[in-house]
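Visitor: Following this message is one structure expressed as structure tokens.
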Amino acid sequence: MLNFEFNTLIIIALTVFGLGFTLQMVYWWGFFARLAFYKPPEKESPSTASVSVVICARNEYNNLRQNLPLILAQQFHDFELVVVNDCSDDDSEELLTELARQEPRLKVVHMRQSLNFFQGKKFPLSMGIKSAKNEILLLTDADCRPESDQWIAQMVKPYGSDIDIVLGYGPYETGKGLLNKIIRFDTLHIGIQYLSLALAGKPYMGVGRNLSYRKSVFIRNKGFTSHYNIASGDDDLFISQVAKKHNTRIAIAEGTRTFSEPKKTMLEWAQQKRRHLSTGKHYSSPNKTILGSYYLSQMLFYFGFFWLLLLPFSPIVAIGGFVLRLFSQLFLTKACMKQLGEKDLLLFSPFAEVILIIFNMMLSLVNVIKKRDKWK
């Protein structure tokens, strides 16, 4: 009887570990390898389109002062910069008014009264998009700096007559401390997921720090009205709604990135993560299945691995699977880091992955108990 129960435990543990291992290998080699070995289409040529860069800002005086000149200095033949000043009570209005006098390409939309038609950032962003004069929109945030003066040119390069959406990558600045590395790895990990799935013909999100789409797509799909009551989602939920296999491309070449400062405290970052995680339940069923299966496979893999180590059973299967999966993770993560311009995260990545699995589970539980509605 004891032998039967012991054998049953081993079979269950092997099944859990085997399922987690198999799914992880499918995701790493079936999906994430697409980004690791990605090469831009050779037919891409410099865009002749006109572009509207759109930024929403609330009490971002210092960031606007530092980053707007970098955007206005872009080497691109025809673009405008639309900045929505969303009820700021710092010196943003004075700064923007003065800059607009000096720079004809800068268009400022002042919102002096909070209008609660949409939750969070969506209403001011909608106003900025509707004020834009050009068909091609390029979105970023006030705290983001473009990697080079070729940012606009590189981000809109993938556009063709059949392309409506271009997904970019927005890393965080490298800094000191453990929190900085965790935030940067989390951003890298999310980037690997949404860019790889877009390459697999399953686009489901973009990041508002670096995202482009056509104004006509925004208007045709009635903007954010299908999820106006959700505080976040101006990037991921909208892209999930309109992005298809045939109309979406990625832009990850050198010069396409925008860098921003990460949160300085764990509490600030946790609040930001809670807001992002809260939108996941609003994804489409296929997207939730793909992403949910990935995160489930991570948990099954680690749970099964440690379970097998605790059993009086030869560890060669568990250790062999762990090493093979670790090699795949490190090999492909290194290639993806090179694609996305990230550094010094490779050896930290296995530890960061475990930290984030636990951290995201805790935040998801908190989200069930407590809601967050504000974007700033």
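The values are calculated or read from the model by the stated rules, or taken from the named source; none is laboratory data. Predicted model, so just to flag it, every value in this text is computed and none were measured. With ideal geometry, Cβ positions are generated from the backbone for all residues, glycine too; neighbour counts draw on all protein chains shown.
Visitor: Would you be able to say whether some residue in segment 38-54 is assigned to a helix (DSSP H, G or I), modelled with pLDDT of 95 or more and either charged (D, E, K, R) or surrounded by 15 or more Cβ atoms within 10 Å (Cβ to Cβ) (or both)? So that I can check it myself, show each step before the final result.
Guide: Taking segment 38-54 and keeping what is assigned to a helix (DSSP H, G or I), we get none.
No, every residue in segment 38-54 fails to be assigned to a helix (DSSP H, G or I), modelled with pLDDT of 95 or more and either charged (D, E, K, R) or surrounded by 15 or more Cβ atoms within 10 Å (Cβ to Cβ) (or both).
Visitor: Show me the strands (runs of 3 or more DSSP E) found entirely inside segment 106-186 where at least 2 residues are more than 28 Å from HIS227 (Cβ to Cβ) and either touching a Gly at 6+ places or on another chain (Cβ under 7 Å) or not aromatic (Phe, Trp, Tyr) (or both).
Guide: Answer list for segment 106-186: 144-146.
Visitor: State whether one or more residues within segment 160-168 are farther than 19 Å from VAL217 by Cβ and not polar (S, T, N, Q).
Guide: Narrowing segment 160-168 to residues farther than 19 Å from VAL217 by Cβ: none.
The answer is no, given that none of the residues of segment 160-168 is farther than 19 Å from VAL217 by Cβ and not polar (S, T, N, Q).
Visitor: Can you run down the residue pairs with Cβ atoms below 6 Å, 6 or more apart or on separate chains, where the first is in segment 43-62 and among the hydroxyl-bearing types (Ser, Thr, Tyr) and the partner is in a strand (DSSP E or B)?
Guide: Close Cβ pairs satisfying both conditions: SER52/GLU80; SER52/VAL82; SER52/LEU137.
Visitor: For segment 176-198, how many residues are touching a residue at least 60 places away in the same chain (Cβ under 8 Å), buried (at least 20 other Cβ atoms within 10 Å of the Cβ) and aliphatic (A, V, I, L, M)?
Guide: 6
Visitor: Tell me, please, whether a residue that is in contact with a Ser or Thr (Cβ under 8 Å, 6 or more places away or on another chain) and in a strand (DSSP E or B) can be found in segment 7-27.
Guide: Checked against the condition, which is being in contact with a Ser or Thr (Cβ under 8 Å, 6 or more places away or on another chain) and in a strand (DSSP E or B), segment 7-27 yields no hits at all.
Visitor: Would you call VAL84 within 30 Å of ALA153 (Cβ to Cβ), touching a Pro at 6+ places or on another chain (Cβ under 6 Å) and either of a type in the set (Lys, Arg) or touching a residue at least 40 places away in the same chain (Cβ under 8 Å) (or both)?
Guide: Judged against the criteria, VAL84 is a match.
Visitor: Right, PHE218: within 13 Å of the chain's Cα centre (by Cα), at negative phi and aromatic (Phe, Trp, Tyr) or not? Quick ask: steps written out before the conclusion?
Guide: Numbers: within 13 Å of the chain's Cα centre (by Cα): no; at negative phi: yes; aromatic (Phe, Trp, Tyr): yes.
For PHE218, the condition - within 13 Å of the chain's Cα centre (by Cα), at negative phi and aromatic (Phe, Trp, Tyr) - is not met.
Visitor: Still on this structure, please answer the following. Only helices (runs of 4 or more DSSP H) wholly contained in segment 201-295 count here; list those with 3 or more residues that are in contact with a Leu (Cβ under 8 Å, 6 or more places away or on another chain) and either surrounded by fewer than 19 Cβ atoms within 10 Å (Cβ to Cβ) or at pLDDT below 95 (or both).
Guide: On the way: elements: 215-220, 236-242, 266-278.
Because the criterion is at least 3 residues that are in contact with a Leu (Cβ under 8 Å, 6 or more places away or on another chain) and either surrounded by fewer than 19 Cβ atoms within 10 Å (Cβ to Cβ) or at pLDDT below 95 (or both), the helices (runs of 4 or more DSSP H) in segment 201-295 that meet it are 266-278.
Visitor: Further question: Anything in segment 121-155 that is over 16 Å from LEU72 (Cβ atoms), under 21 Å from the mean Cα position of the chain (by Cα) and among the hydroxyl-bearing types (Ser, Thr, Tyr)? List them, or say none.
Guide: Correct list: SER126 only.
Visitor: Criterion first (in contact with a strand residue (DSSP E or B) (Cβ under 7 Å, 6 or more places away or on another chain) and of a type in the set (Gly, Ala, Ser)) does ALA57 satisfy it?
Guide: Yes: the conditions hold for ALA57.
Visitor: Considering only residues that are modelled with pLDDT of 95 or more and of a type in the set (D, E, K, R), look in segment 321-356 and name the one that is surrounded by the fewest Cβ atoms within 10 Å (Cβ to Cβ).
Guide: LYS338
Visitor: Answer yes or no as to whether ASN85 is surrounded by fewer than 19 Cβ atoms within 10 Å (Cβ to Cβ) and either farther than 25 Å from TYR213 by Cα or touching a helix residue (DSSP H, G or I) at 6+ places or on another chain (Cβ under 6 Å) (or both).
Guide: no
Visitor: Exactly one of (1) in contact (Cβ under 8 Å) with a residue 40 or more places away in the chain; (2) part of a helix (DSSP H, G or I) is unmet by PHE306. Its number?
Guide: Every listed condition holds for PHE306 apart from (1).
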